[in-house]
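For reference, the structure discussed in these notes is given below.
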Amino acid sequence: MITPAIKIDDEQWAEWLDAVAATPKIRHIECDAALFSFCLDFLKSLDRHSLYGAHARDILPPETARFLNEAPNDQAFNNLRKSIIHSMLSAENAGVSHFSLQMRLDEPFPDEENRIRKTAAFLRKLLLTPLEKPFKLDLQIRFPFQYPLSQEWKRARDICDMADSKRIGISLQLHSGDFDDTPPAPQDIVADILPHLHVVEFHYTPSLGESLFEDELTEWADLLKANAFDGLVVFCPHLRQNENILQHCMALQACADFFLE
């Protein structure tokens with residue numbers, strides 16, 4: 001079963017939750033993991049609106065990702081893991097089913113095999129976090145690539161293969177505005193990561209004329225359904241402060257229909 005969700009603005013979370021709650025069909029949101037850990041009012045508002053925080057993003061802040069390889073000792077490494085586990089436990093009551101990390105997989109790896117092995121082992125340890133409900137851990141990658149020779153996808157696949165758990169996978173961030181021409185077909189984009197795919201995110205900026213097109217959504221919905229995808233599809237409108245949040249969220253109901261039908 002596919003679960004549609006909306007990525008909210010972490011700074012304007014109150015306005016975004018009001019808007020998402022007004023949509024009859026979308027009851028799940030994505031936000032930064034820090035909101036679950038440090039904002040009690042946010043958790044209360046989720047509960048009041050009967051919304052669920054399906055996707056907690058950046059449980060490991062991107063700027064600390066390299067610490068995995070540079071931890072001076074086991075104690076420092078364990079302290080980092082405890083901090084992440086605390087974030088996961090804080091999000092448990094909000095209904096979070098997916099936690100994702102930006103591991104800076106595009107950075108140079110001095111010892112690539114060791115880094116991949118260490119990252120896979122780290123993720124497997126996080127699976128031991130004692131949450132009552134099943135959850136998944138996802139590596140964040142994007143398309144189009146940041147640059148043509150990017151190793152991000154290959155490394156993400158290698159980490160998932162080495163971790164060897166269906167609960168460890170990939171969160172794919174699609175940025176339609178970054179395509180120079182017509183984007184490739186969904187099958188061509190995800191052919192080599194489909195077994196590991198847990199989350200598909202559609203990023204777009206309406207103020208720049210970007211939108212989610214019916215034919216694109218149809219192709220993605222058909223592909224995901226044909227492969228019994230049971231993860232998240234997240235709509236990620238990047239809005240300016242003066243744009244109507246409610247109007248955009250209401251419009252996304254039609255987008256959700258492609259994946260719910």
Worksheet item: In segment 227-244, what residues are surrounded by 21 or more Cβ atoms within 10 Å (Cβ to Cβ) and among the aliphatic types (A, V, I, L, M)?
Response: 232, 233, 234
Worksheet item: Which of the residues belonging to segment 178-198 are modelled with pLDDT of 90 or more and either surrounded by fewer than 13 Cβ atoms within 10 Å (Cβ to Cβ) or touching a helix residue (DSSP H, G or I) at 6+ places or on another chain (Cβ under 7 Å) (or both)?
Response: 185, 186, 187, 188, 191, 192, 193, 196, 197
Worksheet item: Using beta carbons and a limit of 8 Å, which pairs, at least six apart or on different chains, have the first residue in segment 12-31 and modelled with pLDDT under 95 and the second one part of a strand (DSSP E or B)?
Response: 25/4
Practice prompt. Might you let me know whether segment 238-245 holds any residue that is farther than 25 Å from residue 151 by Cα, in contact with a Leu (Cβ under 7 Å, 6 or more places away or on another chain) and not basic (Lys, Arg)?
Written response: yes
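From the list 134, 108, which residue is more than 21 Å from residue 198 (Cβ to Cβ) and exposed (fewer than 14 other Cβ atoms within 10 Å of the Cβ)? Before the answer, list the steps.
Values: 134 fails: more than 21 Å from residue 198 (Cβ to Cβ).
Of the residues listed, the single one that is more than 21 Å from residue 198 (Cβ to Cβ) and exposed (fewer than 14 other Cβ atoms within 10 Å of the Cβ) is 108.
Residue by residue through segment 199-211, note down the ones that are among the aliphatic types (A, V, I, L, M) and modelled with pLDDT under 95. Spell out how you get there, then give the answer.
Just the residues of segment 199-211 that are among the aliphatic types (A, V, I, L, M), to begin with: 199-200, 208.
Matches in segment 199-211: 208 only.
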Worksheet entry | Residue that is nearest to the chain's Cα centre (by Cα), among those in segment 231-250 that are within 17 Å of residue 25 (Cα to Cα) and not in a strand (DSSP E or B) | 231
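I'd like to verify a number: residues in segment 154-177 that are of a type in the set (Ser, Thr, Tyr) and either in contact with an Asp or Glu (Cβ under 7 Å, 6 or more places away or on another chain) or crowded, with 16+ Cβ neighbours inside 10 Å (or both), how many?
From segment 154-177, those of a type in the set (Ser, Thr, Tyr) are 165, 171, 176; that's our starting set.
This time we only want the ones that are either in contact with an Asp or Glu (Cβ under 7 Å, 6 or more places away or on another chain) or crowded, with 16+ Cβ neighbours inside 10 Å (or both), so: 171, 176.
Going through segment 154-177 one residue at a time, the tally reaches 2.
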Fill in: Verdict on residue 60 being part of a loop (DSSP other than H, G, I, E, B) and either in contact with a strand residue (DSSP E or B) (Cβ under 7 Å, 6 or more places away or on another chain) or farther than 30 Å from residue 123 by Cα (or both)
yes
Worksheet item: So which residues in segment 126-156 are in a loop (DSSP other than H, G, I, E, B), among the hydrophobic types (A, V, I, L, M, F, W, C) and closer than 25 Å to residue 84 by Cβ, if there are any at all?
Response: 127, 128, 131, 135
Worksheet item: If you check residue 115 against the conditions, is it assigned to a helix (DSSP H, G or I) and touching a residue at least 12 places away in the same chain (Cβ under 8 Å)?
Response: yes
Practice prompt. Can you give me the number of residues within segment 201-226 that are of a type in the set (D, E, K, R) and either exposed (fewer than 13 other Cβ atoms within 10 Å of the Cβ) or part of a strand (DSSP E or B) (or both)?
Written response: 3
Worksheet item: Taking interchain pairs and intrachain pairs at least six residues apart, which have beta carbon atoms under 7 angstrom, with the first residue in segment 38-58 and in contact (Cβ under 8 Å) with a residue 24 or more places away in the chain and the second among the basic types (Lys, Arg)?
Response: 50/27; 51/27; 52/27
Discussion item. Any residue in segment 241-260 that is within 18 Å of residue 213 (Cβ to Cβ) sitting within a Cβ distance under 7 Å of a residue that is part of a helix (DSSP H, G or I) and among the polar types (S, T, N, Q)? List the pairs, counting only those 6 or more apart or interchain.
Written reply: 258/218
Practice prompt. Mind counting the residues in segment 175-200 that are among the hydrophobic types (A, V, I, L, M, F, W, C), free of Cβ contacts under 8 Å to residues at least 40 places away in the same chain and part of a loop (DSSP other than H, G, I, E, B)?
Written response: 3
Discussion item. For the list (1) free of Cβ contacts under 8 Å to residues at least 60 places away in the same chain; (2) under 18 Å from residue 204 (Cα atoms); (3) surrounded by 12 or more Cβ atoms within 10 Å (Cβ to Cβ); (4) not β-branched (Val, Ile, Thr), I need the number of the one condition that residue 140 fails.
Written reply: (1)
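The values are calculated or read from the model by the stated rules, or taken from the named source; none is laboratory data. Predicted model, so just to flag it, every value in this text is computed and none were measured. A quick note on method: Cβ atoms are made from the backbone with ideal geometry, for glycine too, and the neighbour counts reach across all protein chains shown.
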